[in-house]
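Report on the following structure.
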Amino acid sequence: MKHLSQMAFAQRRATLLLTLASVLIGAAIIGQSYYFVAIVERMFLDQESFQEVVPLLFGLLAVLAGRALFTWLHGRTGVSMAAYAKSEFRKRIIHKFSKNPVQASLEGQSGRKVSVLMDSVDEVDGYFSQYIPQMISTAVVPLMILVVVFTHHISSGIIMLITAPFIPFFMAIVGVMTKKKSEEQMEKMSAFSGRFLDTLQGLTTLKLFGRSKKQRDTIEESSLGFRDATMDVLKVAFTSSLMLEFISMLSIGIIALEIAIRLVVYESIPFFSAFFILVLAPEFYLTLKEFGSAFHAGRGSSGAAKQLVEELEREDQSMEWGQKAIEGSQPPALELDGVTFAYKKGQTFQLQELHAVMPANADVAIVGRSGSGKSTLLNLIAGLMKPDEGTVRINGLPLNEYAEREWFDRVSYISQHPYVFAGTIEDNIAIGGRGAHTREEVERAAEKAGIAELVESLEYGYDTPVGEAGRGLSGGEKQRLAIARAFLKRPSVILFDEPTTGLDLKTEQILQSSIEELSKTSTVITVAHRLHTIRNADQILFLEDGKLVGQGTHEELLQTTEAYRRMVHVQQGGDSA
Ligand code: ADP
Ligand code: MG
């Protein structure tokens, strides 16, 4: 919340405008009451003619118009404040995610993440358009009313001063109570929908085994649970608004009673003051109550905002890049020098002090069980994240001394789930390249990646839209698309995360021969699952739980590393099965 309020008050002009509008609204409320009371007094007590009070009527009209105008101004400022804050948030998100060009083409996850973040920006709206403006007017308007009341009748002022804090106090209590209740309700809701879905999906099986009656009972039970939870939340919500109304009515009642006693019994207060205070009192409590609902809106959005801010600040596992150029166009040599990395401090998984030397043009395979850190290591080599300790070296120099562009112009990263953005197939291949490309070049790259046949069979060929709104692509097709990007780019380093799940034989052969062709002119690092890739590698890095437990060729590792032998054995068993 702190971060957000800083963002709000950084908008000096808007804050000032809100304060000004609040003062004007306060003045209009007081003026409105004043004219109203004055008219009543002059017409009914002083028995003045209608003509005499006409100027007062115009005054009242002007003040009413003013109040409407200032309220509009106040609301509009809040809305524009929210619009500004939202566009700031969006800019920061785009900036963050566009800083790293390869990240964008990496995994669909980043694309989905950006769109989720973009959407959640809208939830911040309530904070700026309601909470902040209401907070400012709550700080100003009741205070102005209080001052006016005090100047007319001290004891009414004192009553207001004493009763006012009860409203926010009750709001806070109710807020805390409903929060817990509505969380419970959300839980019950998801439990209910989960169970419902499970049952639907398993309906045939259940019928077959004659168990549908029992399931019906479970569903009934959990839907009743959900109903009760909802009713509980509503109960609390209704009780709370009742309480708030009750408090403000009671307070107004006390003020009225006190004034009435002064007016009728002691005759120690003029009619004008008494009536004036009585008209002002409800306005006083109304502003306080309005703050309550704005407070809830604000709290809802501050949750969304907190997530956003966290996401934006989580930024820096990414690299700071230098200026150097990579010499020559030859495939570079790579080296891991004590590379250590954890996603979060204290997380059990950690890559620990990896050392390895990968000569220029080598074919390196990273091997290990699922979760041993293979993809993580590939991300580190790609320069998508920076090691906590140690360095990745390229041709002997730390990776982060090179210029970002230099490096990313030379790398192709074919991840397990290459990102396909909304656009045509041609666009999606061309993004891999380093500049503008002709249709012929794109077609040749597609040909080499073994995707041309498929593309040409489509009605719109290379102009077929894919990605979010377009045609879906299978995992194998996406990887071939990524390889076509690589053929267009002709990288000197290839990072390839082999698919774990079985592709069809043809796709697998295409992937394999494409990578072999690309590897002639590049250093290749493959997260390998297939025995073929593993056997052919010049060097294997064998990972277990983030540690490098074996290093060498296939034959060497079979000799030296027991765990490796076992893994290969299992895999061979799996292959022949
Ligand atoms: P592999 O590719 O060998 O299957 P990964 O490198 O993907 O393994 O993951 C290694 C470990 O790091 C796993 O325990 C995984 O849960 C964890 N991990 C992977 N990505 C993240 C992430 N973005 N944040 C936190 N933990 C992660
Ligand atoms: Mg992996």
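Summary of values
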{"read-out": "Top-ranked residue of the stretch 339-354 - restricted to ones that are open to solvent by less than 20 Å² (accessible area, probe 1.4 Å) and within 12 Å of ligand 1 (Cβ to nearest atom), ranked as nearest to the chain's Cα centre (by Cα)", "value": "Ala342"}
{"read-out": "Residue within the stretch 435-450 that is at pLDDT below 90 and of a type in the set (Asp, Glu) present", "value": "no"}
{"read-out": "Selection count where residues are in contact (Cβ under 8 Å) with a residue 40 or more places away in the chain and either crowded, with 18+ Cβ neighbours inside 10 Å or away from ligand 2 (no atom under 16 Å from the Cβ) (or both), scope the stretch 417-445", "value": "20"}
{"read-out": "Elements of type helices (runs of 4 or more DSSP H) in the stretch 348-457, at least 1 residues being among the basic types (Lys, Arg) and touching a strand residue (DSSP E or B) at 6+ places or on another chain (Cβ under 9 Å)", "value": "374-382"}
{"read-out": "Among residues of the stretch 146-163, those that are touching a Ser or Thr at 6+ places or on another chain (Cβ under 6 Å) and polar (S, T, N, Q), counted", "value": "1"}
{"read-out": "Residue in the stretch 529-543 that is open to solvent by less than 50 Å² (accessible area, probe 1.4 Å), part of a loop (DSSP other than H, G, I, E, B), among the aliphatic types (A, V, I, L, M) and in the same structural domain as Asn395 (by TED's automatic domain parsing) present", "value": "yes"}
{"read-out": "Residue in the stretch 480-498 that is over 28 Å from His569 (Cα atoms), in contact (Cβ under 8 Å) with a residue 12 or more places away in the chain and touching a His at 6+ places or on another chain (Cβ under 9 Å) present", "value": "yes"}
{"read-out": "All positions within the stretch 58-92 that are farther than 22 Å from Val23 by Cβ and open to solvent by 60 Å² or more (accessible area, probe 1.4 Å)", "value": "Phe58, Tyr84, Arg90, Lys91, Arg92"}
{"read-out": "Odd one out for Leu73 among (1) without any contact (Cβ under 8 Å) to a residue 12 or more places away in the chain; (2) part of a helix (DSSP H, G or I)", "value": "(1)"}
{"read-out": "Thr500 away from ligand 2 (no atom under 16 Å from the Cβ), within 30 Å of Gly450 (Cα to Cα), outside any helix (DSSP H, G or I) and open to solvent by 20 Å² or more (accessible area, probe 1.4 Å)", "value": "no"}
{"read-out": "Members of the stretch 336-347 that are within 16 Å of ligand 2 (Cβ to nearest atom) and in contact with a strand residue (DSSP E or B) (Cβ under 9 Å, 6 or more places away or on another chain)", "value": "Phe341"}
{"read-out": "When residues of the stretch 355-384 are limited to those that are away from ligand 2 (no atom under 16 Å from the Cβ) and open to solvent by less than 10 Å² (accessible area, probe 1.4 Å), the one modelled with the lowest pLDDT", "value": "Gly383"}
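The values are calculated or read from the model by the stated rules, or taken from the named source; none is laboratory data. Just so it is clear, the structure is predicted and the values come from calculations on it, not from any experiment. When we count neighbours, we look across all protein chains shown, and the Cβ atoms used for this are built from the backbone with ideal geometry, even at glycine. Note: areas computed on protein heavy atoms with side chains; ligands, DNA, RNA excluded. Shrake-Rupley method; radii C 1.70, N 1.55, O 1.52, S 1.80 Å.
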